[in-house]
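Okay, here's the structure, questions in a sec.
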Amino acid sequence: MRKVGFDIYLVTDRRLTGGGEGLIRAVEGALEGGIKGVQLREKDMTGGELLELAKRLKELTTSYGAKLLVNDRVDVALAAGADGVHLGQNSFGPGTARKLMKEALIGVSTHSLKEALEAETGGADFITLGPVYQTPSKKEYGEPIGLGPLKEVTRALS
């Protein structure tokens, strides 16, 4: 397992920042505040748009000594020189991503102990788990999992 270099990271949503330059300013503010990881998560952008944004964010994160991960798009992460990728449950597995991105950080979104264990054994460097609490961006996925599963997963994973 690789050293991740952050305990918490920013996940982008340009709709909350007014888009374009608003997103860049928001990310820079987070970096100035000490964030050491940024996940570019803009699922509705075209590949070309996402690549251009990823390149800008990579320059910015590098200047602050932080990591940039691209959500689900290994191709964009590679083309932008990102530090890694964050995969969802509908993505291919971390082992496949590792073949393409040998030295990159690979994160995986999980929602249960079973998924978390599969991600770890599959080669993920880190996982996210949740949602733990109610959040407007995850309402479509049902009720939050709460603290019980979070405690169970943190005890079970290395």
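The values are calculated or read from the model by the stated rules, or taken from the named source; none is laboratory data. Nothing here was measured: the structure is a model prediction, and the numbers come from that model. Methodologically, a virtual Cβ is constructed for each residue, glycine included, from the backbone with ideal geometry; neighbour enumeration extends over all protein chains shown. Ligands, DNA and RNA are stripped out before the accessible areas are found, and what is left, the full protein with its side chains, is counted by its heavy atoms. Shrake-Rupley method; radii C 1.70, N 1.55, O 1.52, S 1.80 Å.
When you check ALA116 against the structure, is it of a type outside the set (Asp, Glu) and within 21 Å of LYS43 (Cα to Cα), yes or no?
Taking the combined requirement at face value, the residue does not satisfy it.
If I ask for residues that are under 25 Å from THR96 (Cα atoms) and either more than 16 Å from the chain's Cα centre (by Cα) or surrounded by fewer than 17 Cβ atoms within 10 Å (Cβ to Cβ) (or both), which ones from the stretch 50-71 would you list?
Selection gives GLU52, LYS55.
Hey, can you tell me all the residues within the stretch 9-27 that are surrounded by fewer than 16 Cβ atoms within 10 Å (Cβ to Cβ) and over 15 Å from the mean Cα position of the chain (by Cα)?
ARG15, LEU16, GLY18, GLY19, GLY20, GLU21, GLY22, ARG25
Results for (1) within 30 Å of PRO144 (Cα to Cα); (2) part of a strand (DSSP E or B); (3) out of contact with any strand residue (DSSP E or B) (no Cβ under 6 Å at 6 or more places or on another chain), shown as yes or no for each residue.
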| site | (1), (2), (3) |
| --- | --- |
| LEU60 | no, no, yes |
| LEU69 | yes, yes, no |
| ALA79 | no, no, yes |
| ASN90 | yes, no, yes |
| GLY95 | yes, no, yes |
| VAL108 | yes, yes, no |
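Given the options GLY146, GLY95, GLY47, name the one that is open to solvent by less than 50 Å² (accessible area, probe 1.4 Å) and touching an Asp or Glu at 6+ places or on another chain (Cβ under 9 Å).
GLY47
Something else about it: Would you check if there is a residue in the stretch 121-132 being in a helix (DSSP H, G or I) and within 14 Å of the chain's Cα centre (by Cα)?
no
Further question: Of the conditions (1) assigned to a loop (DSSP other than H, G, I, E, B); (2) within 19 Å of ALA79 (Cβ to Cβ), GLY48 satisfies every one except a single condition; which number is it?
Failed condition: (1).
Now for a separate question. For the stretch 35-46, name all the residues that are modelled with pLDDT of 95 or more and either under 17 Å from the mean Cα position of the chain (by Cα) or of a type in the set (Phe, Trp, Tyr) (or both).
Correct list: ILE35, LYS36, GLY37, VAL38, GLN39, LEU40, ARG41, GLU42, MET45.
Okay, moving on. For the stretch 103-143, name all the residues that are among the acidic types (Asp, Glu) and either open to solvent by less than 40 Å² (accessible area, probe 1.4 Å) or touching a Gly at 6+ places or on another chain (Cβ under 7 Å) (or both).
ASP125
Quick one: count up the residues across the stretch 122-155 that are over 26 Å from ASP13 (Cα atoms) and in contact with a helix residue (DSSP H, G or I) (Cβ under 6 Å, 6 or more places away or on another chain).
4
Find the residue count for the stretch 98-130, including only residues that are closer than 21 Å to THR61 by Cβ and touching an Asp or Glu at 6+ places or on another chain (Cβ under 6 Å).
2
Okay, next question. So how many residues does the stretch 28-44 have that are open to solvent by less than 40 Å² (accessible area, probe 1.4 Å) and touching a residue at least 12 places away in the same chain (Cβ under 8 Å)?
8
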